[in-house]
1. Angle check, please: helix 6-20 long axis (alpha carbons) against the longest principal axis of the chain (alpha carbons), in degrees 0 to 90, nearest 10.
2. If the cut-off is a Cα-Cα distance under 27 Å, which lysines reach K100, setting aside same-chain residues fewer than 8 apart in sequence?
3. Please compute the length gained on full extension between A290 and M308, using 0.36 nm multiplied by the number of residues separating them and subtracting their Cα-Cα distance.
4. I need the phi-derived Karplus couplings for region 170-176: 6.51 cos²θ - 1.76 cosθ + 1.60, θ = phi - 60°, integer Hz, Gly and Pro marked x.
5. If contacts are Cα pairs under 8 angstrom and at least 6 residues apart, what is the relative contact order of region 178-287 in percent?
6. So, R0 is 51 Å and r is the distance between the beta-carbons of T33 and K255; what FRET efficiency does that work out to, to 0.05?
7. In region 12-36, which residues have a backbone nitrogen under 15 Å from the label point lying 7 Å from R73's Cα in the Cα-to-Cβ direction?
8. Just the number please: accessible area per residue for the chain, 1.4 Å probe, all protein chains included, in Å².
Amino acid sequence: MTQMTFARAINAGLRKSLENDPKVILLGEDIGTLGGVFRVTDGLQKDFGKHRVVDTPLAESAIVGTAVGLAYRGYRPVVEIQFDGFIYPAFDQIVSQVAKMHYRTQGAVKMPITIRVPFGGGIGSPEHHSESPEAYFTHTSGLRVVSVSNPQDAHTMIQQAISCDDPVLYFEPKRRYHDKGEVDESLDPGSALPMDKARVLTEGADVTLVAYGPLVKTARDAATAAADEGISIEVIDLRSLAPVDYATLEASVRKTGRLVVTHEAGQSGGLGAEVAASITERCFYHLEAAPVRVTGFDIPYPYSKLEMHHLPGLDRILDGVDRALGRPNSLSGLEG
């Protein structure tokens, strides 16, 4: 086991994929000489050459369009979108081409494209640099969407995504890039937990708390804090946002009878709404209370001085737990 940061774990996973498959090619803005804005690809161009770690123009639509052409020719392109809000110029390519090409050609063409997206807030940046656009893509059939929350998954799941024949959007919580954790670099991605499976992180009996990406750490902190008051929270890291591992969620909610879902994205039309509705359909007679969503507010991303009021934190998640348990609380007037 090796201690490494979240960002370094992704770097190590990319390095392994480049070593193991000569058809893997990285594309993105400033990912070569600079090593990326967050230095996630640091050193890879030096070791693998400019023909495999390609600095592209500032043109997201062209970057993803080039990846489509490479996939047609049998390559496995890995695209970096520099910031979450920069993905919108590539939206047409992703939704109209990447997601549909396999179906359109009746299986003749595969799109083994991985699109890395640093997402979420908490770094003091404005809109276009702190957004959570995942719901746009979970709504699009033909795409796999995953979000990692810790260095081990970051290392393993980037390799799983690259080796997958389906297009994968790989959402990285940028505020966790410097978090450290133990990583088993020798772990075979093929024998690890599949990337479309959720993971139960903390077992509990009173409430199921579902999170992904940047809020998994906050959810675990909430479970620790609630335990001091005798509340037992089962924390689940969703990991795969499309498809969702409903079997794991359903088994948990059948046990606890209560569900809280949290994410940084706004509440309306967010993934939490889909999870809440689906679990209600599947577990209606096991639920002791309506599912609760704890999310970002339905507003444009705020200025840095206000972002910690916008992002779900420990207090708001614990308030959501109280609401699910029917306990009195002081934040009940807040939406999300």
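The values are calculated or read from the model by the stated rules, or taken from the named source; none is laboratory data. Just so it is clear, the structure is predicted and the values come from calculations on it, not from any experiment. Cβ sites come from the backbone with ideal geometry, for glycine too, and all protein chains shown count toward neighbours. Side chains included, ligands, DNA and RNA excluded: accessible areas come from the protein's heavy atoms. Shrake-Rupley method; radii C 1.70, N 1.55, O 1.52, S 1.80 Å.
1. 40
2. List returned: K23, K110, K197.
3. 3.8 nm
4. Karplus-based 3J(HN,Hα) across region 170-176 equals 10, 8, 10, x, 5, 6, 9 Hz.
5. Relative contact order, region 178-287: 30 percent.
6. Plugging the Cβ-Cβ distance into 1/(1 + (r/R0)^6) gives 0.45.
7. Hits in region 12-36 for R73 at 15 Å: 22-27.
8. Here the residues of the chain average 42 Å² of exposed surface.
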